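J.: Just dropping this structure here.
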Amino acid sequence: MNDARKIVLRTQGLCKNYGGVQALKGADFELREGEHIAIVGDNGAGKSTFVRQITGVEQPSSGQMFFDGKEVSFKSPLDAREAGIEAVFQNLALANDLDVPANIFLGREEVYFNLGPFSFLNEKKMLAKAKEGLEKTAVKIPNLRNAIGNMSGGQRQCVAISRSAAFASKLIIMDEPTAALGVQETTQVENIIRRLKKQGIPLILISHNLRQVFNLVDRIFVFRRGEIVGVVDADKTDGNEIVSLITGVKTGVHENASYI
Amino acid sequence: MNTTAIRKLPQEASILMVLVGIAALFEILGWIFIGQSFLANSKRLVIIVLQVSIIGIIAVGVTQVIITSGIDLSGGSVAALSAMVAASFAQASGGFSIFYPGIVDLPVIVPLLVGIGVGLLAGSINGAITAYTGVPPFIPTLGMLVAARGLAVLYAEGQPIFGLTEQYTAIGQGINPVLIFLGVALLFHVLLKHTVYGRRTYAIGSNEEAARIVGIKVNRHKVLVYAIAGGLAGLAGIVMSARATMGQPGMGFMYELDAISAAVIGGTSLFGGKGKISGTVIGVFILGVITSGFTFLRIDFYYQEIAKGMIIVAAVIADQRRQARKA
């Protein structure tokens, strides 16, 4: 591991309790500049809980978080976004009745001049920027003015990803970005991730698809029952090791099997 | 581009077609049963427009609440309360001023601000309870429906307030209510379509969770939307009392239902995320034409209510079909 690279995100003893349930038990996590890492684990292992803490959707019960060299505590997703963290959530976080530019700029609309909530929207600028952002993802959407609800799963996912890619300055987090996609669309999304790697934008990928994880990332964090039970370099491990870490038992799964 | 233009047309146009169709139906029935024209009667048309204006002002506010996938049942009662309070500040000297005998002949801006202020306050309460307790908006606005009516009665001990200043009553005379309605409709049409306020209103109704995740202050925005609906109900109350030249606690009874109906008939989805002020304006006119048409045909008032009820149910079923087709 190249330790000379700057640490982008670090968490120390991050915990989250929902009532009596400990969903996250002291996660120590570290991500370096330009690094792409994956978070894997069974359902309920605490992956999404972890992501909700570092994106400000929820606030951790205890523990510390350092981003870009400073200690941070995000009160809201907006805080995280302002700090430079963009997330693509499992449920996409898109408003189906709005069109593509409106979704990409939701929550930070371009306006002509600031009149608080009554500021007039600069639709032209948002449309142009949305086009630009989508070109980077090489995804074709025939009419950007269409409501998102009328589009295919792949198109919607690409809008969500290009929203993140357009704004992320420091870190992108993707929670199961290809879970609901077909083969072709999955390839598209994977290509977008490779492009981000080339651009040197760090990424956290949550995925159940081990083939995808091995193909795309540098390091793998394995979560089990709210704890990080293993951190391994993707090129120094195999499917067997990851699966046994995920399940907590030694299993003889074939090396190339994708864990679902 | 072409496909959207074609796809967009039916929604707006079909509501207009319904309006034209209903008017045409009354026209034909008029010639058959009464032997006169329904539409070629300027007096009747003026009455239709005047009648719908007050409900229309409330409907503009309710539309915005429904777009957030909320509901506001308190419009008519809040209008009545505002009418009472505003009227009490609009009393002329030498009249029957039973209320605040010391303060008469105030400039018209005072009752205007007070009336709208009462509405804004009631709306803010609706919005705050809805946003911060997570109770379905049906509940606090139903509470407001009852409570505001009670307050309106209590305010002048059940008595009407007469003897209003000429400046004040002028608000409700002639074409003024119509101008106020259309002005309000235009203003909020622009705000919904072209401002951050509108964008977020639709976003919250479309996917509240997503709106929260992208950092929209959903609760605050909801309070704002309900407050605006309350403020518009207050304005409706002012126009209503000015037109009647008195404030009366029984005013605006059930107006909220007509306002909600107008919004729904006009294509605003009760599921949230969809709706336009232009649709609501057409919806308001549809209700107006039905009321006027039934009166014109000398059909019993109760049949009117039955017909309205059926149209509302039909509009909601049509909306549900549209949603299902999409999913």
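Every read-out reported here was derived from the displayed coordinates using simple, explicitly stated rules and does not represent laboratory data. All values reported here derive from a predicted model rather than from experimental measurement. Ideal geometry is used to build each Cβ from the backbone, glycine not excepted, and the neighbour counts take in all protein chains shown.
J.: Taking the Cα centre of region B:39-326 as the origin and placing charges on Cβ (Lys, Arg +1; Asp, Glu -1), which of B:159, B:129, B:281 is farthest toward the positive end of the dipole?
T.: Of B:159, B:129, B:281, it is B:281.
J.: Considering every pair of different Cα atoms, what Kirkwood radius, in Å, is found for region B:39-326?
T.: Every distinct Cα pair counted, the radius reaches 19.1 Å.
J.: Related question: Go through region B:70-83 residue by residue and turn each phi into a ³J(HN,Hα) via Karplus (6.51, -1.76, 1.60, θ = phi - 60°); whole Hz please, and just put x for glycine and proline.
T.: x, 8, 10, 8, 9, x, x, 5, 5, 4, 5, 4, 4, 4
J.: Kindly state, to the nearest 0.05, the FRET efficiency for residue B:132 paired with residue B:313, given R0 = 45 Å and r defined as their beta-carbon distance.
T.: The computed FRET efficiency comes out at 0.85.
J.: Taking every residue in B:215-224, how many Cβ atoms of other protein chains lie within 10 Å of its Cβ, on average?
T.: 3
J.: Let me ask something else about it. Between residue A:24 and residues 5 or more places away or on another chain, which pairs have amide H atoms under 5 Å apart, with H built 1.01 Å from N, and which residues are they?
T.: Close amide H contacts, sequence-distant or interchain: A:16.
J.: Amide H neighbours of residue A:223 under 5 Å, at least 5 residues apart or on other chains, H built in the peptide plane: list them.
T.: A:40, A:41, A:229
J.: Would you mind giving the mean number of other chain beta-carbons within 10 Å of the Cβ of each residue in A:106-119, as a whole number?
T.: 5
J.: For the peptides B:57-69, A:100-112, A:211-223, A:227-239, what is the packing order when you average, over each peptide's residues, the other Cβ atoms within 10 Å and list the highest mean first?
T.: Top of the packing list down: B:57-69, A:100-112, A:211-223, A:227-239.
J.: Dipole of region A:49-107 (Lys/Arg Cβ +1, Asp/Glu Cβ -1, origin at the Cα centre): which of A:53, A:104, A:84 lies farthest to the positive side?
T.: A:53
J.: Quick one: what are the phi-derived ³J(HN,Hα) couplings along region A:99-106, Karplus 6.51/-1.76/1.60 with θ = phi - 60°, whole Hz, x for glycine and proline?
T.: Residue by residue, region A:99-106 yields 7, 5, x, 4, 6, 4, 9, 4 Hz.
J.: Sequence gap at least 6, Cα distance under 8 Å: using those rules, report the relative contact order of chain B to the nearest whole percent.
T.: Rounded, it is 32 percent for chain B.
J.: For region B:31-40, just list the computed ³J(HN,Hα) in residue order, Karplus coefficients 6.51, -1.76 and 1.60, θ = phi - 60°, integers in Hz, with x standing in for Gly and Pro.
T.: Once rounded to whole Hz, the list reads 5, 6, 9, 10, x, 8, 7, 7, 8, 6.
J.: Given the rule -39500 (n - 2.57) for each run of at least 4 DSSP H residues, summed and divided by the residues of chain A, what is its mean residue ellipticity at 222 nm, to the nearest 500 deg cm²/dmol?
T.: Result for chain A, helices only: -9500 deg cm²/dmol.
J.: Mind listing the Cα extents of the protein assembly as shown along all three principal axes, in Å, largest one first?
T.: Projected onto its principal axes, the Cα set of the protein assembly as shown covers 92, 57, 42 Å.
J.: Can you tell me what share of the DSSP beta bridges in the protein assembly as shown is antiparallel? A percent to the nearest 5 is fine.
T.: The antiparallel fraction comes to roughly 60 percent.
J.: Would region A:111-210 count as rounded, prolate or oblate if I go by the C-alpha gyration tensor, calling it rounded below 1.5 in a/c and otherwise prolate when a/b exceeds b/c, oblate otherwise?
T.: In terms of gyration-tensor shape, prolate.
J.: Additional query: Quick one: of A:6/A:170; A:16/A:47; A:170/B:193; A:136/B:274; A:75/B:222; A:75/A:198, which pairs are farther than 23 Å apart, Cα to Cα?
T.: A:170/B:193; A:136/B:274; A:75/A:198
J.: If you don't mind, there's one more thing I want to ask. Against the longest principal axis of chain A, how steep is helix A:123-137, in degrees 0 to 90 to the nearest 10, with axes from Cα atoms?
T.: That works out to roughly 40 degrees.
J.: A follow-up question, please. Over what distance in Å are the Cα centres of region B:235-306 and region B:109-181 separated?
T.: Centre-to-centre distance over Cα atoms comes out at 17 Å.
J.: Distance in nm between label sites at residue B:17 and residue A:143, each 7 Å beyond Cα in the beta-carbon direction?
T.: Here the modelled spin labels are 1.8 nm apart.
J.: Turning to a different aspect of this structure: Would you work out the relative contact order for chain A, in percent, from Cα pairs under 8 angstrom that are 6 or more residues apart?
T.: Relative contact order for chain A comes out at 24 percent.
J.: How much of the DSSP bridge set in chain A is antiparallel, in percent, rounded to the nearest 5?
T.: Restricted to chain A, the bridges split so that about 55 percent are antiparallel.
J.: Could you work out the Rg to Rh ratio of chain A, with Rh taken as the Kirkwood radius (inverse of the mean 1/r over all Cα pairs)?
T.: Rg/Rh for chain A comes to 0.98.
J.: Only helical DSSP H runs with n ≥ 4 go in: add -39500 (n - 2.57) per run for chain B, normalise by residue count and round the 222 nm mean residue ellipticity to 500 deg cm²/dmol.
T.: Mean residue ellipticity, 222 nm, calculated: -24500 deg cm²/dmol.
J.: Can you tell me how much longer the chain between residue B:46 and residue B:190 gets when fully stretched, taken as 0.36 nm per residue apart minus their C-alpha distance, in nm with one decimal?
T.: 49.2 nm
J.: Shifting gears a bit: Amide H of residue A:63 versus every other amide H placed in the peptide plane: which residues, excluding those fewer than 5 positions away on the same chain, fall under 5 Å?
T.: A:15
J.: For peptide B:202-209, what's the mean number of Cβ atoms from other chains within 10 Å of each residue's Cβ?
T.: Taking the mean over all residues of the peptide, I get 6.
J.: Could I ask something else about it? For region B:58-199, what does the alpha-carbon gyration tensor say about shape, rounded, prolate or oblate, given a ≥ b ≥ c as the root eigenvalues, a/c under 1.5 as rounded, and a/b over b/c as prolate?
T.: Cα axes put region B:58-199 in the oblate bin.
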